[in-house]
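What follows is one structure encoded as structure tokens, with my remarks underneath.
The values are calculated or read from the model by the stated rules, or taken from the named source; none is laboratory data. This one's a predicted model, so the numbers in the text were calculated from it and none came from an experiment. Here Cβ is always computed from backbone atoms with ideal geometry, including for glycine, and neighbour counts include all displayed protein chains.
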Amino acid sequence: MRGNFPGRILRGALLVLFCAGATTLAFATTPPAPKVELAATPPMGWNSWNHFHCGVSDKVVRAEAAAMASDGMKAAGYTYINIDDCWQGKRDAQGNIQPNSRFPDMKALGDYIHSLGLKFGIYSSPGPKTCAGYEGSYGHEAQDARTYASWGVDYLKYDWCSAGRVYQPDQMEAAYKKMHDALAATGRPIVYSLCQYGYQRVWSWGPSVGANLWRTTGDISDHYWAMAYIGFGQNGLERFAAPGHWNDPDMLEVGNGGMTADEYRTHMSLWCLLAAPLISGNDLATMTPETLAILANPDVVAVDQDPAGNQGYRVWQEGSLEIWVKVMADRSRVVGLFNRGYTPESMTVQFSQIGVGDTENVRDLWERRDLGTMHDSFTATVPRHGVVLVRIGN
């Protein structure tokens, strides 16, 4: 009987129904799938490189994912578990990338991460080799994108590395767009992170090649001066940040042991004012309560995750003292008083400097307490290499 029907079913659009010799037309009402907005706020998660380097393994990643899900990081908004370099093995006879022996089943690992309510990230390069000399994606972009999608990958960090051996500088944009197009063709939403160290003013063209975030600097290290050089050097890039597209001054070093608590609070405060991705790089499975209190302070994280997506900027500098401000969605201002010097210093922000009224409420975000109503200005003593972070208004 099926072959005798004079009409066909048109998928998702028109149904042709037959009843007692009469033909009835009925239009399907299935709505289109909602568009997934990737990285509407800066991505938050963990990356293996800063602490584990090439010592990363399936066992390590599972332990970090379990810790994130249970220790308060997930509750604070951290979502991505990202494997950096050194996971790759060789390609099979068909050219499909295989993980190395430290990762016996990448699909199963992704399933485990997802079972915890987290997301799964991975790493590659547009060149033939990664920075650590493992297999890159050159010549296999579409194939690798399909493999990542089949594993359930939600985030790709794409590191320039050896690409300079096969591409000319003016081909960089095309090389990055090639992988974006390959990811898009899989139909799986995958956050796309460019890692090419700020070359060629990437912030000016990153969105045009489909990037959700792009590195603006060289690699960070767990030292105050390296962190400060990178973080304070972001001033002037604020006009290039917006929901879905973020300047990335590299991962967080909080908890890796090379800085004091005051220096780590400076690190976290500055990254949150910058609307930077918050990708922790410590060992979540062994971190101290002090480290967790820095990474997961809800008042501070909320600065980074503000839906307006404004990146903060410097409004005043005098020697080693700096004042930065971020305009929030509710029109309040978050202000960072930073002391890059060697002794505690008294610092004052004038309300007229930051565009608020003469009389405003002030809240200390690290202390998580309201300081009351203040008039015309706010003054605090800031420790060496430290910060006082306050929200002024509303």
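Scanning segment 89-140 for residues that are aliphatic (A, V, I, L, M), assigned to a loop (DSSP other than H, G, I, E, B) and within 23 Å of Ser70 (Cα to Cα) returns Leu116, Leu118.
Residues checked against (1) part of a helix (DSSP H, G or I); (2) within 21 Å of Tyr155 (Cα to Cα); (3) more than 18 Å from the chain's Cα centre (by Cα):
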| site | (1), (2), (3) |
| --- | --- |
| Pro189 | no, yes, no |
| Ile230 | yes, no, no |
| Gln234 | no, no, no |
| Met259 | no, no, yes |
| His267 | yes, no, no |
| Leu270 | yes, no, no |
| Leu292 | yes, no, yes |
| Val300 | yes, no, no |
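A single entry from Thr217, Thr260 fulfils the requirement of being among the β-branched types (Val, Ile, Thr), closer than 26 Å to Val390 by Cα and surrounded by fewer than 24 Cβ atoms within 10 Å (Cβ to Cβ): Thr260.
Every residue, every condition in (1) modelled with pLDDT under 95; (2) acidic (Asp, Glu); (3) out of contact with any Phe, Trp or Tyr (no Cβ under 9 Å at 6 or more places or on another chain); (4) under 30 Å from Ala285 (Cβ atoms), yes or no:
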{"site": "Ile230", "(1), (2), (3), (4)": "no, no, yes, yes"}
{"site": "Pro243", "(1), (2), (3), (4)": "no, no, yes, no"}
{"site": "Val254", "(1), (2), (3), (4)": "no, no, no, yes"}
{"site": "Gly257", "(1), (2), (3), (4)": "no, no, yes, yes"}
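Scan segment 384-394 for residues that are assigned to a strand (DSSP E or B) and either in contact with a helix residue (DSSP H, G or I) (Cβ under 6 Å, 6 or more places away or on another chain) or exposed (fewer than 13 other Cβ atoms within 10 Å of the Cβ) (or both) and the total you get is 2.
If you filter segment 337-383 down to residues that are under 29 Å from the mean Cα position of the chain (by Cα), among the charged types (D, E, K, R) and in a loop (DSSP other than H, G, I, E, B), you find that the one that is surrounded by the most Cβ atoms within 10 Å (Cβ to Cβ) is Arg340. Annotation: Ala285 fulfils all but one of (1) surrounded by 14 or more Cβ atoms within 10 Å (Cβ to Cβ); (2) within 20 Å of Thr41 (Cα to Cα); the unmet one is (2).
Scoring Ser204 on the criteria (1) part of a loop (DSSP other than H, G, I, E, B); (2) among the polar types (S, T, N, Q); (3) surrounded by fewer than 23 Cβ atoms within 10 Å (Cβ to Cβ) leaves a single failure, condition (1).
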